[in-house]
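*Asks:* I'd like to ask you about the structure that follows.
Derivation of every value follows stated rules applied to the coordinates shown; laboratory data play no part. What you see is a predicted model; the values in this text were computed from it and never measured. Note that we place each Cβ from the backbone using ideal geometry, even for glycine, and neighbour counts take in every protein chain shown.
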Amino acid sequence: MKYSQLIGIAASLAIIGICYMPWVSIESINAVVTGMHTEKTNFGRPGLAHITFSIICLLLFATPRVWAKRTNVFIATINLAWAIRNYIILTTCQAGECPEKKLGLYLLLVAAVVIQVMTFFPKIALPGKK
């Protein structure tokens with residue numbers, strides 16, 4: 001794909017922004033959970049790992065080396081697995097109450113999948129071909 005690297009960079013930047021959007025709302029404790037602000041819960045800051053992985057992916061998308069493209073597949077896989085883990089943990093019903101899922105959680109999954117798919121189509125100039 002001609003624009004796979006630019007789409008991957010855009011999706012990496014999107015994940016950084018999505019980490020500050022609301023992911024779930026828990027009505028019993030009156031809390032809105034984002035990737036960076038998990039007030040009144042035990043979730044920690046799951047968006048911090050996404051931001052770290054996305055910055056690494058962004059740098060690897062911009063690097064025109066074979067080792068960078070191969071490493072990017074691995075890092076993007078970890079980012080996708082972390083997004084799936086966050087979806088499962090944050091949306092789990094506890095004590096008969098289910099958190100209300102917000103748009104940010106769905107966008108996070110979509111952006112992580114887009115990054116993963118774009119790592120499979122690197123733009124690399126092969127030696128001897130023009």
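*Asks:* Any chance you could give the angle, 0 to 90 degrees and rounded to 10, that helix 46-62 forms with the longest Cα principal axis of the chain?
*Replies:* Between the helix axis and the principal axis of the chain, the angle is about 10 degrees.
*Asks:* Could you tell me which Cys residues in the chain have no other cysteine's Cβ under 4.7 Å from their own Cβ, answering none if every one has a partner?
*Replies:* Cysteines of the chain left without a disulfide-compatible partner: CYS19, CYS57.
*Asks:* A follow-up question, please. Taking only C-alpha pairs under 8 Å that are 6+ residues apart, what is the relative contact order of the chain in percent? Walk me through the numbers before you get to the answer.
*Replies:* Working: 192 pairs, mean separation 46.3, N = 130.
Computed value for the chain: 36 percent relative contact order.
*Asks:* Taking only Cα atoms, what is the 0 to 90° angle, nearest 10, from helix 4-18's long axis to the longest principal axis of the chain?
*Replies:* The two axes meet at around 20 degrees.
*Asks:* Just to be sure I follow the rule: in the chain, considering lysines 8 or more places apart or on different chains, how many pairs have Cα atoms under 29 Å apart?
*Replies:* Summing the qualifying lysine pairs gives 9.
*Asks:* A follow-up question, please. Under a 5 Å amide H to amide H cut-off, with H placed in plane at 1.01 Å, what residues pair with THR34 once short-range neighbours are removed?
*Replies:* Placed amide hydrogens put TRP23, GLU39 under 5 Å from THR34.
*Asks:* Helix-only estimate, please: 222 nm mean residue ellipticity of the chain, summing -39500 (n - 2.57) across DSSP H runs of length 4 or more and dividing by its residues, to the nearest 500. Working shown, then result.
*Replies:* Values: 4 runs with 74 residues, N = 130.
Calculated mean residue ellipticity at 222 nm is -19500 deg cm²/dmol.
*Asks:* How far is helix 66-90 tilted off the main Cα axis of the chain, in degrees rounded to 10, range 0 to 90?
*Replies:* Value to nearest ten degrees: 10.
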